[in-house]
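Undergrad: Once you've had a glance at the structure underneath, I'll fire off some questions.
The values are calculated or read from the model by the stated rules, or taken from the named source; none is laboratory data. Model, not experiment: these values are computed from the prediction. As a convention, Cβ positions derive from the backbone with ideal geometry for all residues, glycine included, and neighbour counts pool all protein chains shown. When the accessible area is computed, the model is the full protein with side chains, heavy atoms only, and any ligands, DNA or RNA have been set aside. Shrake-Rupley method; radii C 1.70, N 1.55, O 1.52, S 1.80 Å.
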Protein chains: 4
Amino acid sequence: MNTKRSANRRNKKELILEKAIEVFARKGSQQTTIADIAHAAKIAQGTVYVYFDSKEALLNECMQVIIGPELQGIIDSTKDIPDTMERLYEFFVKHITLVKEKPYIARFLTMEARQNEDFYSQYPDYNPLKRYIDHVVLNADIAIAEKRIRSIDTHAFAILLVGAMDFAMSMWLIQKDNLDIVAIAANIRDILKYGIND
Amino acid sequence: MNTKRSANRRNKKELILEKAIEVFARKGSQQTTIADIAHAAKIAQGTVYVYFDSKEALLNECMQVIIGPELQGIIDSTKDIPDTMERLYEFFVKHITLVKEKPYIARFLTMEARQNEDFYSQYPDYNPLKRYIDHVVLNADIAIAEKRIRSIDTHAFAILLVGAMDFAMSMWLIQKDNLDIVAIAANIRDILKYGIND
Amino acid sequence: MNTKRSANRRNKKELILEKAIEVFARKGSQQTTIADIAHAAKIAQGTVYVYFDSKEALLNECMQVIIGPELQGIIDSTKDIPDTMERLYEFFVKHITLVKEKPYIARFLTMEARQNEDFYSQYPDYNPLKRYIDHVVLNADIAIAEKRIRSIDTHAFAILLVGAMDFAMSMWLIQKDNLDIVAIAANIRDILKYGIND
Amino acid sequence: MNTKRSANRRNKKELILEKAIEVFARKGSQQTTIADIAHAAKIAQGTVYVYFDSKEALLNECMQVIIGPELQGIIDSTKDIPDTMERLYEFFVKHITLVKEKPYIARFLTMEARQNEDFYSQYPDYNPLKRYIDHVVLNADIAIAEKRIRSIDTHAFAILLVGAMDFAMSMWLIQKDNLDIVAIAANIRDILKYGIND
DNA sequence: GATGAATGAGCTTTCATTCAT
DNA sequence: GATGAATGAAAGCTCATTCAT
């Protein structure tokens, strides 16, 4: 009984989260109404408030669902690649692949994330791309220690890499057809590796 | 008379635009009301609608004012630097300087710009950073032709450079104190120049 | 079995009533939600509706519980005081004592009771202070018949006495600290007894 | 121009206040919706918010309108009666007359006033009947100094008088037909003057 | 009987937009 | 052109009540 009830509860909450992510991503959080989400989930508006305190709380949980499993999943899935730079490259590619499969993630990362300044100020660690930055810095530090790359400023390197990822995503969202994002990834790798100098 | 009237008209329209940019940048366009702007410009709310069809039209004109003079100004002011790569680096630095002086520009470029998907879809060329991308691609192509740099994919290079600029700006907006954006610029230059390989 | 069941039923209903009185008195009936009461009674919201038809019905039963045992108790406990006026004074004092011990009673008498105009119109006899008025009139009539007091308008006298009690309670609810309600009672007695004339 | 506009503004605000008092008095503030008031004033709901910050602010202004001019008017209009006790009696009678003419005042004084505990805590001086209490205390003190009445506790006396007024109003609101409130006033005067003792 | 998730009508409040002056 | 009072649609949110379990 309890387990079934509890399962229903979790399912309903997850259903709302899932639909909310969809709608938020499609319309933007400001343009999305609770009525939109309730309609998408085929529930009454009031039901949303059974599971979430407010629209803002719902949005925050959506972001954490994305930031948590999805982004961490990418970091984790590349963990075992031995070559450090290969690992970062794979990380880059997997991120792009994820975004191509679930464009709403890009939507959250590049758009919603930037609007919630208050959210950031309160929980700076939830900044989704901050996690990426940390990951890149960590790996680049290792690569330097292992003498696989020269001694560079790893924070600047992380901004280059993550900034390029983020920007490529943004552009891809707008002009999907004209952007071969996978080819771009390979070329970015080449530039970062050898530089632009002769 | 006519010219004077016309001048008044232009002045009042420019006054509204100027104040709107200020308020939009400070509060975000969604949080900004027409009343806020009218108050900032010390005019009546109805007057805004004498010069602009709607709030959205006003926002769009604000973006064009920024994208136009301000960003083009940076491109133009670095036009005469002879060395191509030096020119791009100066462009990068001037952009950062501009943003540090007028943070509302960053606000528009990194936040507002991404919210107006409709705007983009309708007018893809108004994408502010698109102009930067074009500028970087153009210059990198020249640099290759002049054999100042090796033959790279200039589009990927542009994404790296502009993406890093944009991302650094975003981070700087959130955590101004902990980000020495000028030092980062220098380190990014170094990485792009020589690559990370030994 | 049946008796036990019935006892359980009565117990649960009394539990709800008891907790409802507490919560209604603390927050006011309008600010109180069924969820508040269910929470206070540690039962499910739906259970409230097993015993009461509606929130309003619950409130009405609460009022009757208070008007019944509590107020009647005061009347009864002073029944045996032989001197009529002494009896009324004691009645006054006991009422004050009761209210000081159970302030939620004052809350109901002075606040909730006045809001339910519909309730009154339907059941005028449930007006809690009406019972007091009747009691005072009855006793004053007796006192006159016994020639303990002069022939006054006993209804006016009852309004004076009960009105003063009610008003003193109201003020005491608002500014508990600054009102020595017992001293006031003694002084009111003196005025009523001898009048204000020299 | 300005004066006409300004006059319109004041008129509209007064119109809203007037209608709000009517509706609040008829339905109670909690049961009254902004839509009710807007409908009564034949304006749009939003217009209410042009003149008042919130429903609560509107209610507060309603109370002040009543507490201010109306109650003070009674106090003022009896100022010139030379005999102190006669003055207080006239004050009592005028209050009753006012309430009979504008029953909504009674509604506010006896009902709304008691519900807004928060309001009281914040602005204890706005307590409408507090003003009456002060007035009675002041006059009774004078009467004692003038040796027109004996030395009584004037605060207790004020509670008797104002409490009786308030209670009589409450009862009259509920059972208008069966209460000759003017006769009661005369009898209350008699009791207070000579006491109940032989 | 007991539960509590689900409901949806109804509330207050906001604000882009209009229009008589 | 300029005004700002007026509008009313639409939003987020609450909560008494219901009903399948």
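Undergrad: Would you tally the residues in segment A:88-122 being modelled with pLDDT of 70 or more, in a helix (DSSP H, G or I) and not hydrophobic (A, V, I, L, M, F, W, C)?
TA: The initial filter retains those residues of segment A:88-122 that are modelled with pLDDT of 70 or more, namely A:88-112.
Restricting the remaining residues to those that are in a helix (DSSP H, G or I) gives A:88-101, A:103-112.
Narrowing the set further to residues that are not hydrophobic (A, V, I, L, M, F, W, C) leaves A:89-90, A:94-95, A:97, A:100-101, A:103-104, A:107, A:110, A:112.
Count: 12.
Undergrad: If you don't mind, another one. Mind counting the residues in segment A:59-107 that are more than 17 Å from A:MET165 (Cβ to Cβ), charged (D, E, K, R) and open to solvent by 60 Å² or more (accessible area, probe 1.4 Å)? Step through it out loud before you land on a result.
TA: Taking segment A:59-107 as the starting set, the residues that turn out to be more than 17 Å from A:MET165 (Cβ to Cβ) are A:59-65, A:68-69, A:76, A:79-84.
Okay, now just the ones that are also charged (D, E, K, R), so A:61, A:76, A:79-80, A:83.
Then keep just the ones that are open to solvent by 60 Å² or more (accessible area, probe 1.4 Å); that gives A:61, A:76, A:79-80.
Matching residues across segment A:59-107 total 4.
Undergrad: Given (1) farther than 29 Å from B:ILE174 by Cβ; (2) within 8 Å of DNA strand E (Cβ to nearest atom), identify the lone condition not met by B:TYR51.
TA: Of everything listed in (1) farther than 29 Å from B:ILE174 by Cβ; (2) within 8 Å of DNA strand E (Cβ to nearest atom), B:TYR51 misses just condition (2).
Undergrad: Still on this structure, I have one more. Please find, within segment B:144-160, the residue that is farthest from the other protein chains (Cβ to nearest Cβ) out of those that are part of a helix (DSSP H, G or I) and open to solvent by 10 Å² or more (accessible area, probe 1.4 Å).
TA: First, the residues of segment B:144-160 that are part of a helix (DSSP H, G or I): B:144-145, B:154-160.
Narrowing the set further to residues that are open to solvent by 10 Å² or more (accessible area, probe 1.4 Å) leaves B:144-145, B:154-155.
Details: B:ILE144: 9, B:ALA145: 14, B:THR154: 9, B:HIS155: 7 Å.
Ranking the candidates gives B:ALA145 first.
Undergrad: Sticking with this one: Sort out which residues of segment C:15-47 are open to solvent by 70 Å² or more (accessible area, probe 1.4 Å) and more than 12 Å from DNA strand E (Cβ to nearest atom), and write them in order of number.
TA: Of everything in segment C:15-47, those that are open to solvent by 70 Å² or more (accessible area, probe 1.4 Å) and more than 12 Å from DNA strand E (Cβ to nearest atom) turn out to be C:GLU18, C:GLU22, C:ARG26, C:LYS27, C:GLN31.
Undergrad: Give the number of residues within segment A:9-33 that are touching a residue at least 24 places away in the same chain (Cβ under 8 Å) and within 19 Å of A:PHE108 (Cβ to Cβ).
TA: Count: 13.
Undergrad: Of the conditions (1) more than 8 Å from every other protein chain (Cβ to nearest Cβ); (2) without any contact (Cβ under 8 Å) to a residue 40 or more places away in the chain; (3) surrounded by 22 or more Cβ atoms within 10 Å (Cβ to Cβ); (4) of a type outside the set (Phe, Trp, Tyr), A:ASP141 satisfies every one except a single condition; which number is it?
TA: If we test A:ASP141 against (1) more than 8 Å from every other protein chain (Cβ to nearest Cβ); (2) without any contact (Cβ under 8 Å) to a residue 40 or more places away in the chain; (3) surrounded by 22 or more Cβ atoms within 10 Å (Cβ to Cβ); (4) of a type outside the set (Phe, Trp, Tyr), just (3) comes out false.
Undergrad: Does A:GLU56 qualify as being open to solvent by 60 Å² or more (accessible area, probe 1.4 Å), within 14 Å of chain B (Cβ to nearest Cβ), within 16 Å of DNA strand E (Cβ to nearest atom) and part of a helix (DSSP H, G or I)? Please lay out each step first, then the result.
TA: Details: open to solvent by 60 Å² or more (accessible area, probe 1.4 Å): yes; within 14 Å of chain B (Cβ to nearest Cβ): yes; within 16 Å of DNA strand E (Cβ to nearest atom): yes; part of a helix (DSSP H, G or I): yes.
Spelling it out, A:GLU56 is indeed open to solvent by 60 Å² or more (accessible area, probe 1.4 Å), within 14 Å of chain B (Cβ to nearest Cβ), within 16 Å of DNA strand E (Cβ to nearest atom) and part of a helix (DSSP H, G or I).
Undergrad: Would you mind stating whether D:ALA57 is among the small types (Gly, Ala, Ser) and within 14 Å of DNA strand F (Cβ to nearest atom)? I'd like the intermediate steps shown before the answer.
TA: Numbers: among the small types (Gly, Ala, Ser): yes; within 14 Å of DNA strand F (Cβ to nearest atom): no.
It is false that D:ALA57 is among the small types (Gly, Ala, Ser) and within 14 Å of DNA strand F (Cβ to nearest atom).
Undergrad: Of the conditions (1) free of Cβ contacts under 8 Å to residues at least 24 places away in the same chain; (2) within 25 Å of A:PHE108 (Cα to Cα); (3) away from DNA strand E (no atom under 16 Å from the Cβ); (4) among the charged types (D, E, K, R), B:GLU90 clears all except one; give me its number.
TA: Checking B:GLU90 against (1) free of Cβ contacts under 8 Å to residues at least 24 places away in the same chain; (2) within 25 Å of A:PHE108 (Cα to Cα); (3) away from DNA strand E (no atom under 16 Å from the Cβ); (4) among the charged types (D, E, K, R), the one that fails is (2).
Undergrad: Being modelled with pLDDT of 90 or more and either outside the structural domain of C:LYS12 (by TED's automatic domain parsing) or out of contact with any Cys (no Cβ under 7 Å at 6 or more places or on another chain) (or both), is that true of even one residue in segment C:123-132?
TA: First, the residues of segment C:123-132 that are modelled with pLDDT of 90 or more: none.
Within segment C:123-132 (the criterion being modelled with pLDDT of 90 or more and either outside the structural domain of C:LYS12 (by TED's automatic domain parsing) or out of contact with any Cys (no Cβ under 7 Å at 6 or more places or on another chain) (or both)), the answer is no, since none of the residues qualifies.
Undergrad: List pairs: first residue in segment B:170-181 and more than 10 Å from chain A (Cβ to nearest Cβ) and open to solvent by less than 90 Å² (accessible area, probe 1.4 Å), second residue in a helix (DSSP H, G or I) and at pLDDT below 80 anywhere in the structure, Cβ distance under 8 angstrom, at least six positions apart or on different chains.
TA: B:TRP172/B:ALA106
Undergrad: Looking at D:ARG189 and the list (1) within 15 Å of C:LEU192 (Cα to Cα); (2) in a helix (DSSP H, G or I); (3) within 8 Å of chain C (Cβ to nearest Cβ), which single condition is not satisfied?
TA: (3)
Undergrad: Moving on to the next point. What pairs can you find where one residue is in segment B:60-81 and within 18 Å of B:ILE142 (Cα to Cα), the other is at pLDDT 85 or above, and their Cβ atoms are less than 6 Å apart, with a gap of 6+ or different chains?
TA: B:ILE75/B:HIS135; B:THR78/B:ARG87; B:THR78/B:GLU90; B:THR78/B:PHE91; B:ILE81/B:ARG87; B:ILE81/B:GLU90
Undergrad: It is to be established whether one or more residues within segment A:185-198 are open to solvent by 10 Å² or more (accessible area, probe 1.4 Å) and under 20 Å from the mean Cα position of the chain (by Cα).
TA: Checking segment A:185-198: not a single residue is open to solvent by 10 Å² or more (accessible area, probe 1.4 Å) and under 20 Å from the mean Cα position of the chain (by Cα).
Undergrad: I've got another one for you. Looking at (1) of a type in the set (D, E, K, R); (2) facing another protein chain (nearest Cβ under 7 Å); (3) out of contact with any helix residue (DSSP H, G or I) (no Cβ under 6 Å at 6 or more places or on another chain), which one does A:ASP166 not meet, given that it meets all the others?
TA: (3)
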